[in-house]
């Protein structure tokens, strides 16, 4: 009887540890979740027009993207080496593009110039996403 109980407890313990996610799997999930939110935010920004865009909306999307980039940076250390290098490169490139967008949008001198600047900056952000994070396999 004790032997059967010991075997059952051992099997239960093995199953419990086998059902959890590894650090690599958790990191991949975090990266992919953040990547999905970045895609959503970029889509939102890309679809804005000068008549529909508000400073608050642009700011919220950019803050969300910054938070996602921070989550990715925090998770990338637990990724497999090949994925880690790809994610790190994408994160660095896209972070640089976000900084450029934030800087360039703030330099407008006229409403007409602001419209063109915003449109160009958000299109560049969308292109940068396609060249960086969209290439990361989350399937």
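What follows draws every value from the coordinates through simple rules; no lab data is involved. Bear in mind that the values here come from a model prediction, so they are computed numbers and not experimental data. So basically every Cβ, Gly included, is an ideal-geometry build from the backbone, and we count neighbours across all protein chains shown.
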Cα→Cβ-extended label distance, 7 Å offset, between residue 130 and residue 47, nm: 1.7 nm
If you average 1/r across every pair of different Cα atoms in segment 24-135 and take the reciprocal, what Kirkwood value do you get, in Å? 14.4 Å
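Relative contact order for segment 24-135 using alpha-carbon pairs under 8 Å, separation at least 6, rounded to a whole percent? Numbers along the way, then the final one.
Values: 94 pairs, mean separation 39.1, N = 112.
Dividing the mean separation by the residue count of segment 24-135 yields 35 percent.
Grab the beta carbon distance between residue 115 and residue 26, set R0 = 35 Å, and tell me the FRET efficiency rounded to 0.05. Working shown, then result.
Working: r = 43 Å, r/R0 = 1.22.
That gives a FRET efficiency of 0.25.
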